[in-house]
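Chemist: Quick one: this structure, given as structure tokens, is what I'll be asking you about.
Bear in mind that the values in this text are calculations on the coordinates, not laboratory data. None of these values were measured; they are calculated from a predicted model. FYI the Cβ positions are ideal-geometry reconstructions off the backbone, even for glycines, and counts take in every protein chain you see.
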Amino acid sequence: MDLETLLSFEWGIMMPEFIILGVATLITLLDLFMPKGQSRKILGWIGFVGIIAAIVSLLGMLDQEVTTILFDTYRLDAFAKAFKFILLAGSALVFLLAMSYEPKEGIDEYRGEFFYLFLAALLGAMMMSSSGDLITLFIGLELLSISSYILAGLRKKHLGSNEAAMKYVINGSIATAITMFGMSYVYGLTGTTNLADMRDVLIGLQDSQISFLLGIAFLMIFVGLSFKIAAVPYHMWAPDVYQGAPTPVTAFLSVVSKTAGFIIIVRIVLSIFLLTPSGGPDSKPILMVMDDYIALVAAVTMVVGNVVALRQTNIKRLFAYSSIAHAGYLLVALSALSAFMFDSLWFYLMAYLFMNLGAFAIIGIVTEKEETEDLRHFSGLYQRSPLLAVGMAIMILSLAGIPGTAGFIGKLNIITGALVLDQPMYVLVSVMLATTVVSYVYYFKIMVHMFFHRTKVQDRIKIPVTTGIVLMICVLATIGFGIFPNLAFDFLQTQFHEFGDFLQ
């Protein structure tokens, strides 16, 4: 590539990524040369300002038409812009949580590493949302994954953190290998790694033998990527990693990493398999043929996540299984492939961002204060801190899908999308409703501990300023989008009305 060609690209569409990359580099250099005993919290504020700057630059691109550079390997389309907002907003809130995180064993000497590794993971997720090529998708996935492995084991003197990182690396490596194997099949059959070119080659496919290989490729890609969203039976890592990782990292994995997982699934699965016939002149697309498999994974994920959560006494493990269940709800939207799929996925991931991060903000405060993650230590929380108890109750009600919250609107959209089809998915919706009712048991168990159980400990719980800001934002967003969901949907339809433009 000559200099003239390089300069001809419209590099401005990558401004959010350039900002994150520049800030991560700056934090790395500052952390290297800062005195060892100096607080690294200033690095967190620099990173936070960088994320806000990236959001502002992204807002300036809302009117930008679909643009591709680097030979269609990078795309700025409605899909990328919409999901980048979720990634950046979630990352900004996690940064605020991390700045007030002070565990017993301490991570002060590693706090600088946390900030720039986190930004590296965010950069990988953002690249995935704009990738139009398997190579750049995989690079973004690995940048996110490797950074996540290190972040999970950041508490080097904590045995649980070490165990979490080891299990995460082993399971993640296996999932990556399976994903790559599936991608290699598609590449071998098409001779290209560009998603648009792959679709053009496969759309006229009539050979049933090649379709069989593509079916195998689909299963391997979906299995490998299901690890990232913690869908059953690829969820084994989640409870141990959520429990062992530092609380801000757990919040990051449950929100930002999960969003990135759905981004890459939608990019690959819909780009390659939505229009590819399964063989024969009148055959259905491969994705339609595999739809029952996705529905089965969604149903089993909802059942396992909610049922196993009933037996959990560790609050972070409980929320790990809750996260698994919510992955199942999101897979219902993907399985339905309705006209509301993109809207449902986007809104639910946005709602999940606020309600889950709000919950983890409170979990972080209580577990640091009590130096334990046992659910019993939430007993009497209303006596010790009414604000935290009420805030946690709002987050729980939203996670449970109670009317008046963003979580309820998110679930309602998914159910509606699954029922407006020519062949409504009554069984899958029934499973979703039944498992949602089951979730009330463990969600409300937390509320019983907070409001009705007494505790001998009477000292008040102090709320750190940055954590208080996160909690306030999450509470307002959870209630606001629950009562006025059109605020989000109108913005979505106005700015991102061509959600399917990455299929063009």
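Chemist: With θ taken as phi - 60° and the coefficients 6.51, -1.76 and 1.60, list the Karplus ³J(HN,Hα) couplings across region 131-144 in order, rounded to whole Hz; mark glycine and proline as x.
Modeler: For region 131-144, the Karplus curve yields 6, x, 8, 4, 5, 5, 4, 5, 4, x, 4, 6, 4, 5 Hz.
Chemist: Taking 7 Å along the Cα-to-C-beta vector as the label spot, tell me the Ile52-Asn486 distance in nanometres, rounded to one decimal.
Modeler: It works out to 3.2 nm between the two label points.
Chemist: Percent relative contact order of region 311-504, based on C-alpha pairs within less than 8 angstrom and at least six residues apart?
Modeler: This gives 32 percent for region 311-504.
Chemist: Multiplying the sequence separation of Thr192 and Asp72 by 0.36 nm and subtracting their Cα-Cα distance, what value in nm do you get?
Modeler: Length gained between Thr192 and Asp72: 42.0 nm.
Chemist: Please give, to one decimal in nm, the separation of the simple spin-label points placed at Met236 and Leu159, each 7 Å out from Cα toward the Cβ.
Modeler: With each label point 7 Å from Cα toward Cβ, the separation is 2.2 nm.
Chemist: Still on this structure, please answer the following. Got a sec to turn the phi values of region 150-161 into Karplus ³J(HN,Hα) couplings, 6.51 cos²θ - 1.76 cosθ + 1.60 with θ = phi - 60°, whole Hz, x for Gly and Pro?
Modeler: 5, 4, 4, x, 5, 7, 5, 9, 10, 4, x, 5
Chemist: Here's something else I'd like to know. Kirkwood hydrodynamic radius of the chain from all distinct Cα pairs, in Å?
Modeler: Final number for the Kirkwood radius of the chain is 23.1 Å.
Chemist: In region 402-418, which residues have a backbone nitrogen under 17 Å from the label point lying 7 Å from Phe444's Cα in the Cα-to-Cβ direction?
Modeler: Within reach of a label on Phe444: 402-405, 408.
Chemist: Length gain on complete extension for the stretch Gln206 to Ile170, per 0.36 nm per residue less the alpha carbon to alpha carbon distance?
Modeler: Computed gain between Gln206 and Ile170 is 9.1 nm.
Chemist: Figure the gain on full extension for Leu476 and Tyr293 (residue separation times 0.36 nm, minus the Cα-Cα span) and round it to one decimal in nm.
Modeler: 62.1 nm
Chemist: Same structure, new question: Mind checking which of Gly182, Leu428, Leu137 is farthest towards the positive end of the chain's charge dipole, using Cβ charges of +1 (Lys, Arg) and -1 (Asp, Glu) about the Cα centre?
Modeler: Value: Leu428.
Chemist: Still on this structure: Work out the length of the dipole vector of the chain about its Cα centre, built from +1 on the beta-carbon of each Lys and Arg and -1 on the beta-carbon of each Asp and Glu, and round it to the nearest 20 debye.
Modeler: With only Lys, Arg, Asp and Glu charged at Cβ, the dipole is about 2260 debye.
Chemist: Of the options Ala339, Phe452, Gly391, report the single residue whose Cα projects farthest towards the positive end of the charge dipole of region 311-504 (beta-carbon charges: Lys, Arg +1; Asp, Glu -1).
Modeler: Phe452
Chemist: Right, another one. If we count other beta carbons within 10 Å of each Cβ, what is the order of Tyr440, Tyr329, Tyr116, fewest first?
Modeler: Listed from fewest to most nearby Cβ atoms, that is Tyr440, Tyr116, Tyr329.
Chemist: Next up: Nearest 10 degrees, 0 to 90: what angle lies between the long axis of helix 386-400 and the longest principal axis of the chain (Cα atoms)?
Modeler: Roughly 30 degrees between the two axes.
Chemist: What is the distance in Å between the Cα centres of region 203-266 and region 176-192?
Modeler: With region 203-266 and region 176-192 each reduced to a Cα centre, they are spaced 15 Å.
Chemist: In degrees from 0 to 90, rounded to the nearest 10, what is the angle of the helix 41-59 Cα long axis to the longest principal axis of the chain?
Modeler: Compared with the principal axis, the helix lies near 40 degrees.
Chemist: Note the direction-averaged projected area, equal to a quarter of the hull surface, for the Cα convex hull of region 311-504, in nm².
Modeler: 11.9 nm²
Chemist: For region 475-490, just list the computed ³J(HN,Hα) in residue order, Karplus coefficients 6.51, -1.76 and 1.60, θ = phi - 60°, integers in Hz, with x standing in for Gly and Pro.
Modeler: 5, 4, 5, 5, 6, x, 6, x, 8, 10, x, 5, 4, 7, 5, 5
Chemist: Using just the helices of the chain, give the 222 nm mean residue ellipticity in deg cm²/dmol: DSSP H runs with n ≥ 4 each add -39,500 (n - 2.57), and the total is spread over all residues, rounded to 500.
Modeler: Only helices count here, giving -23500 deg cm²/dmol.
Chemist: Which angle between 0 and 90 degrees, to the nearest 10, do you get for helix 208-229 versus the longest principal axis of the chain when only C-alpha atoms count?
Modeler: 10 degrees
Chemist: Enumerate the residues in region 192-233 having an amide nitrogen under 15 Å from the point lying 7 Å beyond the Cα of Ser283 toward its Cβ.
Modeler: 201-219, by backbone N distance to the label point.
Chemist: For region 376-437, how big is Rg over Rh, using alpha carbon atoms and the Kirkwood form of Rh?
Modeler: Ratio of gyration radius to Kirkwood radius for region 376-437: 1.19.
Chemist: Kindly put Ile272, Ile463 in sequence by how many other C-beta atoms sit within 10 Å of each C-beta, fewest to most.
Modeler: Listed from fewest to most nearby Cβ atoms, that is Ile463, Ile272.
Chemist: What pairs from Lys157/Lys369; Lys36/Lys156; Lys84/Lys258; Lys156/Lys258; Lys167/Lys228 go past 22 Å between their alpha carbons?
Modeler: Check vs 22 Å cut-off fails for Lys156/Lys258.
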